[in-house]
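A short worksheet on the structure shown next.
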Amino acid sequence: MKGFCISLDVSKGSSFYQGFKGFDEPITKPKKIEHNLEGFKELLKLKDSIKKEYDSDCIVIFESTGVYHKALQTYLDEHDFKYTIISPLLSAKVRKSDIRGTKTDAKDCSSIAKVFYLKELRIYSKMDEIYSDLKEKCRYYDFLVGEMKRWKIEFRRLLDIIYPGFDKIFENLYIDYVQALLLEYPHPEIIRKKRLDTIAKFIEKHTCHKESFSLKQAQALKDYAENCASGCSYKSYLVSQFDTVIHTLNSQIKHLETTLDEIIEIAKKLPNYEIIRSIPGIADNLASRILAEIGDIDRFDNASQLVAYAGIDPQIYQSGQISGLHLKISKKGNKKLRCLLYLAITCMIRTNRDTKIVEFYKRKKADGLASPAALVASMNKLLRIIHSLCKNGCLFK
């Protein structure tokens with residue numbers, strides 16, 4: 001017998017809660033509380049009431065709701081509640097199993113409680129603060145990457161208007177001296193008025209290359225500007241806008257690099273960082289972010305649980321003539337972890353690294369699997385290797 005539980009249906013700013021002593025045996029009616037100290041004290045009163053009346057502890061159960069449950073979780077941690085967090089898919093499955101799958105905030109408490117009594121759930125153990133910091137830092141890093149992409153799009157749009165064909169002169173548009181050139185000479189007409197040696201000295205000042213290189217680059221830029229038909233005049237608002245975009249983009253890139261350095265420094269303090277880093281094709285960036293998404297490896301009793309957490313476990317559906325083989329992956333898991341595993345595998349294949357994982361991918365392709373299916377199978381293989389290495393505390397060989 002599992003004993004008592006307090007079931008919560010969490011929403012934005014408020015929740016319904018209800019106490020249970022067994023399957024479909026409520027001890028209180030559903031009641032609404034606000035997500036503030038006064039509201040959370042109601043949970044503490046119910047916990048104390050169960051302890052006093054039934055001489056028993058209770059476990060709080062609620063769904064993972066992104067950011068909405070964070071205030072509740074923090075309060076539970078601070079007041080030593082035992083609790084478990086479940087996927088909304090679990091409670092939805094239980095609710096839909098009823099003949100009349102009614103959904104209301106009050107009835108959801110009952111559905112969530114049924115999950116507690118029907119399923120074997122793990123009591124949530126608060127991960128070390130370092131894991132939480134690492135994951136939040138990685139979320140912020142992903143946000144910065146998205147922001148930088150938008151600034152790069154705007155940068156290329158303005159560059160194609162003011163300096164059409166500029167990328168034929170410089171392959172890397174984001175290198176320091178190229179960005180400095182665009183800030184100093186934001187329009188081709190300005191370059192036409194400048195002497196060749198002035199431009200060459202400016203390039204030499206902003207690069208570590210020799211004088212001959214600077215002169216060659218200056219000549220190429222001068223020749224380009226003489227024949228350039230810009231899409232606007234040097235007095236246009238687009239030119240001043242271009243200056244703002246370049247400054248912002250450079251600031252974004254530096255902030256992104258600093259954030260990544262901080263992520264790596266945090267990850268290096270964790271025991272499994274060097275283990276994941278030892279796998280060929282996984283460098284500091286990927287190792288840190290994979291570790292952030294997995295968290296504490298001890299949460300997973302076996303590799304299959306970790307694979308399911310990533311959502312790359314194959315679906316099983318067998319009925320009549322349907323064999324249930326070669327179905328798609330569930331994708332009911334950590335999307336960011338799947339993306340990172342995909343990056344790791346494609347990097348290994350692209351660089352043709354001599355590892356068991358690349359051999360496995362080639363063998364699956366030779367067996368007739370399509371490239372996407374072979375990639376997913378290799379992601380599954382990589383995750384199982386990571387689990388085995390971390391559990392045994394040994395480096396990849």
Stokes-Einstein D for the chain at 37 °C, 0.692 mPa s, Kirkwood Rh over Cα pairs, in µm²/s?
127
Normalised by the number of residues in the chain, what is the relative contact order in percent for Cα pairs under 8 Å and 6+ residues apart?
12
Kindly provide the trypsin sites (Lys or Arg not before Pro) of the stretch 119-188 that DSSP labels as loop, not H, G, I, E or B, and whose Cβ sees at most 16 other Cβ atoms within 10 Å.
Lys119, Arg122, Lys126
Suppose R0 equals 45 Å; then what is the FRET efficiency for Glu129 and Ala229 from their Cβ-Cβ distance, rounded to the nearest 0.05?
0.20
Check each of the trypsin sites (Lys or Arg not before Pro) in the stretch 178-242 and keep only those in coil by DSSP with at most 14 other C-beta atoms within 10 angstrom; list them in order.
Arg195, Lys210, Lys235
Please list, or write none, the lysines whose alpha carbon is within less than 21 Å of the alpha carbon of Lys328, excluding same-chain residues fewer than 8 places away.
Lys93, Lys336, Lys362, Lys364, Lys365, Lys381
In the stretch 219-318, the chymotrypsin sites (Phe, Trp or Tyr not before Pro) that sit in a DSSP loop and have at most 11 other Cβ atoms within 10 Å of their own Cβ are Tyr317
When the helix-only estimate is applied to the chain (DSSP H runs of n ≥ 4, each -39,500 (n - 2.57), divided by the residue count), what is the mean residue ellipticity at 222 nm, nearest 500 deg cm²/dmol?
-18500 deg cm²/dmol
At q = 0.16, 0.30 Å⁻¹, what base-10 log of I(q)/I(0) does the Debye formula yield for the stretch 195-239 when every alpha carbon is treated as an equal point scatterer in vacuo?
-0.52, -0.95
Out of all DSSP beta bridges with both ends in the chain, state the antiparallel percent to the nearest 5.
60
DSSP bridge pairs, the stretch 4-126: antiparallel proportion in percent, nearest 5:
55
At least 30 Å along the helix axis (C-alpha) and Kyte average at least -1.0, DSSP helices within the chain:
129-162, 237-267, 371-392
How high is the relative contact order of the stretch 4-126, in percent, with contacts defined as C-alpha pairs under 8 Å that are six or more residues apart?
31
For the stretch 1-80, how many pairs of lysine residues have a Cα-Cα distance under 19 Å, where the two are 8 or more positions apart or belong to different chains?
29
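Bear in mind that the values in this text are calculations on the coordinates, not laboratory data. Because the structure is a prediction, the values reported are computed rather than measured. When we count neighbours, we look across all protein chains shown, and the Cβ atoms used for this are built from the backbone with ideal geometry, even at glycine.
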